[in-house]
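Structure record follows, encoded as structure tokens.
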């Protein structure tokens, strides 16, 4: 039997060199100039609106540069899945990309991951005991992905939840950072994300000063992580204020 | 962004904005500092004696809001009332709902609430009107009373421990609603009043304002009070029964065109009012319908931008005249 193995044709392997071409680090020691001309610690200007989807209980639309996301929230409502009685409500998240969201047409690879990450980010902020036996459904649709989609999805989802009147401990703001050689850039675009050595995403509740989710990928040194976390938390609190003012605006528009 | 997106031209936009501004200035309580968003501080005088109500939670000794809305204070109770609140059922509310499932000994209704409501077979009058125990045959014949997708009017009887609603439809005025339109409006536009059943005589239609935001506009149905039906009427009923079996076939031709047009007009009036976010009451609805007939507008024009603007202006007028009367 051992002899036969050598006769089987070798399975095709793509040549390893083609993958490494863009990984040769371009910036050891050099400064990274951001394609959209921002400073390294400057976030993209944001456009936030609630009430984007009429039919949903609550919804929000967020635009951070080229990343455009619509989140709609349904509920609390009955769900066929939740047959057992439970004291706590259930949260169900779903993230999907439109086919025209990425530069190359087709399903983006991370959308399955993103649903469970959105769930983990939001479940710490929602008061689940306020809607026992029912389910809140959060559906996020990425219309265009221009870098750091998950933080935008999370912030937009928390706006939509507040718009739907679901009880929250606090708004959830999320910001991500990229490490490119020795540069730390906040709120990366997709080009920067593809070149990054490491990525850090923090989701926190600004007024409570509590972090609901932190995701670290790639290589990081300890001082860099400290610096990155501090920058992210500052940016999150600023984003929290912007979200709050967006909600206040929606409230003061003529509505009896 | 919410609501019917109408393309208003410049002039119409100006008129609408002016009317809405006028309404805002007329509103009695303009305390914008009472509106809070999530995790805003709620100012309390002495924190020990405050009852923290719905929509609030405690954080580090402060009271913070968990909802976006307006802070209401009643004596020692502080709570946050959400602006676009979900329907909050109370015992005795009149509800309009749609049957989504026929289950053993009950019907499940969808009523624009977080859970489906339940109408037990025992809370429903049997077709023959006799008060008796429901047998297995009654259970098998449930479908002849209500089927899936039927629209039903009922009253909230109570809550179960898990928050599920129980309904009852034991009176003649409750039951299946047949010829008409069911409209969905935000539930906070319907205030709890003494009367939710309205009969508009001049149009010959019935109007049921369900507290859950489902409004029924339909052909008028004579409600026979069973207490008044006595022996002398029994023979009448027997004749009526034989007639009913014939008229069931001709029921499509029985509703006159004018009634149907009135139903559509009233429904459109309610749609425009709910898009503008005004409270839905019978007086306002009849005024709007009169407005549309006096202007000789076609029924479909009522959903157009011009009528939208006219309704906003009319409401501003009405409220300012009410204010002056006071």
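Taken together, the values in this text are just the output of simple stated rules run on the coordinates, not laboratory data. Just so we're clear, the structure is a prediction, and the values are computed from it rather than from any experiment. Neighbour counts run over all protein chains shown; Cβ positions are idealised from the backbone, glycine included.
Output the 0 to 90 degree angle, nearest 10, between the alpha-carbon long axis of helix B:305-325 and the longest principal axis computed from the alpha carbons of chain B. Tilt of helix B:305-325: around 70 degrees.
Fewest neighbouring Cβ atoms within 10 Å first, the residues A:31, B:206 line up as A:31, B:206.
What is the antiparallel percent of DSSP beta bridges lying wholly in segment B:85-177, to the nearest 5? Can you show the working numbers first?
On the way: 21 of 24 bridges.
Here the share of antiparallel DSSP bridges comes out near 90 percent.
Round to the nearest 0.05 the FRET efficiency obtained for residue A:230 and residue B:72 when R0 = 35 Å and r is the Cβ-Cβ distance. The computed FRET efficiency comes out at 0.30.
Compared with the dominant Cα axis of chain B, that is its longest principal axis, helix B:10-26 is turned about 80°.
Listed from fewest to most Cβ neighbours within 10 Å, the set B:107, A:32, B:216 follows the order A:32, B:216, B:107.
In which sequence would B:13, A:133 go, from the one with the fewest C-beta neighbours within 10 Å to the one with the most?
B:13, A:133
Given axes a ≥ b ≥ c from the Cα gyration tensor, I'd like to know whether segment B:37-83 is rounded (a/c under 1.5), prolate (a/b larger than b/c) or oblate. In terms of gyration-tensor shape, oblate.
May I ask you to compute the full-extension gain from residue B:254 to residue B:140, defined as 0.36 nm times their residue separation minus their alpha-carbon distance, rounded to one decimal in nm? Extra length available between residue B:254 and residue B:140 comes to 37.9 nm. Each part gets one Cα centre, and for segment A:212-248 versus segment B:109-138 those centres are 55 Å apart. The C-alpha atoms of chain B define a longest principal axis, and helix B:282-294 lies at about 80 degrees to it. Compute the Cα gyration tensor for chain B, then decide on rounded, prolate or oblate, letting a ≥ b ≥ c be the square roots of its eigenvalues: rounded whenever a/c is under 1.5, prolate when a/b is larger than b/c in the other cases, and oblate in all that remain. It comes out oblate by the Cα gyration axes.
In this calculation the C-beta distance from residue B:149 to residue A:214 is compared with R0 = 60 Å, giving a FRET efficiency of 0.80. Entry note, chain B: the mean residue ellipticity at 222 nm calculated from DSSP H runs of n ≥ 4, each adding -39500 (n - 2.57), is -9500 deg cm²/dmol after division by the residues and rounding to the nearest 500. Across chain B, C-alpha contacts under 8 Å between residues 6 or more apart give a mean separation that, scaled by the residue count, equals a relative contact order of 15 percent.
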